[in-house]
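J.: Could you have a look at this structure, given as structure tokens, before my questions?
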Amino acid sequence: MSFTFSLGRLGRRVLGGTMLAALLAPLWLQSPVVHAQQKERLLNLYSSRHYSSDQELYDTFTRQTGIKVNQIQAGDEALLERLKSEGKASPADVILLADAARLWKAQNEGLLQPALSEVLRAAIPPEFQADQLWFGLTTRARLIVFDPTKIKAEQIQRYEDLASPALKGKVCTRSGTHPYMLSLLASIVAHQGEQKAEAWAKGVVANLARTPRGGDTDQIKGVISGECAVALTNSYYLVRLLKSPKTEERESAARLGVVWPNQSSSGTHINISGGGIARHAPHPEEARRFLEFLASPAAQAALANSNNEWPVARNVQINNPELTRLGQFKAEKLPVSALGKHQPAAARIMDRAGWR
């Protein structure tokens, strides 16, 4: 499926007073009510998400539950390294990461504990869960964008087509060491095996228009500028440009052609952002309640809209015309945990292929 679309119009401390007040203060501090308040009002969140709308969502959670969310933001790898270095002393309760392979890494390194929740099991489809250790929260697709004045959509209906000799010198991608590329290659390994995945990687490297650099937005802009004719990108990067406050960016992005790859075979590769409860969470009950809140319909819609993604939970409506305009597509049915399982093989293949 492919198309070109046009842009149209989400103790109390006693500091003074009588001796009696000072003597009563210890009794007041031992009140069961105060203990309950202190215990129930804290949750420490380690998050690689960095959207202002997320904080609004967390404020809603606090208003509904009385549990305050203390947030620490950093990149996925930095958060994982911090968790490992903190060990049992870590204050983290919930971890939110932006790629299934990173969540798998957190699981594989023993940084998570099970979230035993029927609410989560019912709300999140099985393919977006991993042994109740982590749960997907939003999804994104890996698209092919192209310049319709240089390439016909029929040439690039599959990821495999990016390795065709007909595209020599025309392909832009980000680094092969980046998790988004490793996850895509891991999915190819899962579907076709390592031998075919390596042949594909070598073919794409032979077709590169430039040495891989920058993020997905840079790949899209490479097509817009004419430096390359076709590129890979996560869907939300394209939608960001379609919603850009800069007229030139919106109009340039709207002129691009878009392909949902592999519609006649395995389906378009998708990935997730998601989260789990930290292994040594000091507030595991609050952590469970927080994840259940993020799986609720209202929170799902808010999480998805904040980054131009799709909610993981079923039957949740979003209000994002630019994303909706991209159309519907057949997504791959591969359990996202497989992306982590096959990522070590993908990394070895990238290295042998010279995809830096």
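J.: Identify all residues within the stretch 199-231 that are touching a strand residue (DSSP E or B) at 6+ places or on another chain (Cβ under 7 Å), among the hydrophobic types (A, V, I, L, M, F, W, C) and more than 13 Å from Leu256 (Cβ to Cβ); write none if there are none.
T.: Within the stretch 199-231, Val204, Leu208, Ala209 qualify.
J.: Inspect the stretch 134-146 for any residue being at pLDDT 95 or above, loosely packed, with under 14 Cβ neighbours inside 10 Å and out of contact with any His (no Cβ under 8 Å at 6 or more places or on another chain) and give the result as yes or no.
T.: No - not one qualifying residue is present in the stretch 134-146.
J.: Of all residues in the stretch 87-97, which are in contact with a helix residue (DSSP H, G or I) (Cβ under 8 Å, 6 or more places away or on another chain) and crowded, with 22+ Cβ neighbours inside 10 Å? Break it down stepwise before answering.
T.: Our first condition is that a residue be in contact with a helix residue (DSSP H, G or I) (Cβ under 8 Å, 6 or more places away or on another chain); within the stretch 87-97, this holds for 90, 92-95, 97.
Within the stretch 87-97, Ala92, Asp93, Val94, Ile95, Leu97 qualify.
J.: Is one or more of the residues making up the stretch 283-304 in contact with a Phe, Trp or Tyr (Cβ under 8 Å, 6 or more places away or on another chain), among the acidic types (Asp, Glu) and outside the structural domain of Ala254 (by TED's automatic domain parsing)?
T.: Checked against the condition, which is being in contact with a Phe, Trp or Tyr (Cβ under 8 Å, 6 or more places away or on another chain), among the acidic types (Asp, Glu) and outside the structural domain of Ala254 (by TED's automatic domain parsing), the stretch 283-304 yields no hits at all.
J.: Considering only the stretch 22-45, I want to know if a residue exists there that is modelled with pLDDT of 95 or more and under 26 Å from Ile270 (Cβ atoms). Working first, answer last.
T.: Taking the stretch 22-45 first, the residues modelled with pLDDT of 95 or more are 43-45.
From the residues that got through so far, the ones that are under 26 Å from Ile270 (Cβ atoms) too are 45.
Scanning the stretch 22-45, I find at least one residue that is modelled with pLDDT of 95 or more and under 26 Å from Ile270 (Cβ atoms), so the answer is yes.
J.: With the requirement that a residue be of a type in the set (Gly, Ala, Ser) and modelled with pLDDT under 95, what does the stretch 314-334 give you? Explain how you work it out, then say what you get.
T.: Looking only at the stretch 314-334, we keep the residues that are of a type in the set (Gly, Ala, Ser), and these are 327, 331.
The answer is Gly327, and nothing else.
J.: Kindly indicate whether any position in the stretch 141-156 is in contact with a helix residue (DSSP H, G or I) (Cβ under 6 Å, 6 or more places away or on another chain) and among the acidic types (Asp, Glu).
T.: yes
J.: Within the stretch 161-204, which residues are surrounded by fewer than 22 Cβ atoms within 10 Å (Cβ to Cβ) and among the β-branched types (Val, Ile, Thr)?
T.: The one that is surrounded by fewer than 22 Cβ atoms within 10 Å (Cβ to Cβ) and among the β-branched types (Val, Ile, Thr): Thr177.
J.: Collect the residues in the stretch 255-270 that are assigned to a strand (DSSP E or B) and buried (at least 24 other Cβ atoms within 10 Å of the Cβ), keeping them in residue-number order.
T.: Val259, Ile270 - these are the residues of the stretch 255-270 that are assigned to a strand (DSSP E or B) and buried (at least 24 other Cβ atoms within 10 Å of the Cβ).
J.: Quick one: would you say Val336 is touching a helix residue (DSSP H, G or I) at 6+ places or on another chain (Cβ under 6 Å) and not assigned by TED's automatic domain parsing to the domain that holds Trp200?
T.: no
J.: Just name the residue that is farthest from Asn262 (Cα to Cα) out of those in the stretch 156-194 that are outside any loop (DSSP other than H, G, I, E, B) and β-branched (Val, Ile, Thr).
T.: Among them, the one singled out is Val171.
J.: While we're looking at this one, here's another question. Being in a strand (DSSP E or B), of a type in the set (Val, Ile, Thr) and within 20 Å of Arg325 (Cα to Cα) is the filter here, so list the residues in the stretch 217-249 that pass it.
T.: Listed by number, the list holds a single entry, Thr233.
J.: Among the residues of the stretch 143-154, are any over 20 Å from the mean Cα position of the chain (by Cα) and either assigned to a helix (DSSP H, G or I) or not assigned by TED's automatic domain parsing to the domain that holds Ala338 (or both)?
T.: Taking every residue of the stretch 143-154 in turn, at least one turns out to be over 20 Å from the mean Cα position of the chain (by Cα) and either assigned to a helix (DSSP H, G or I) or not assigned by TED's automatic domain parsing to the domain that holds Ala338 (or both).
J.: Follow-up. If the Cβ limit is 6 Å and pairs must be 6+ apart or interchain, which residue in the stretch 70-95 that is over 24 Å from Arg289 (Cα atoms) and among the acidic types (Asp, Glu) pairs with which residue that is assigned to a loop (DSSP other than H, G, I, E, B) and modelled with pLDDT under 95?
T.: Short answer, once both residue conditions are applied: none.
The values are calculated or read from the model by the stated rules, or taken from the named source; none is laboratory data. These numbers were taken from a predicted model, which means no experiment stands behind them. No Cβ is skipped: glycine too gets one built from the backbone with ideal geometry, and neighbour counts run over all protein chains shown.
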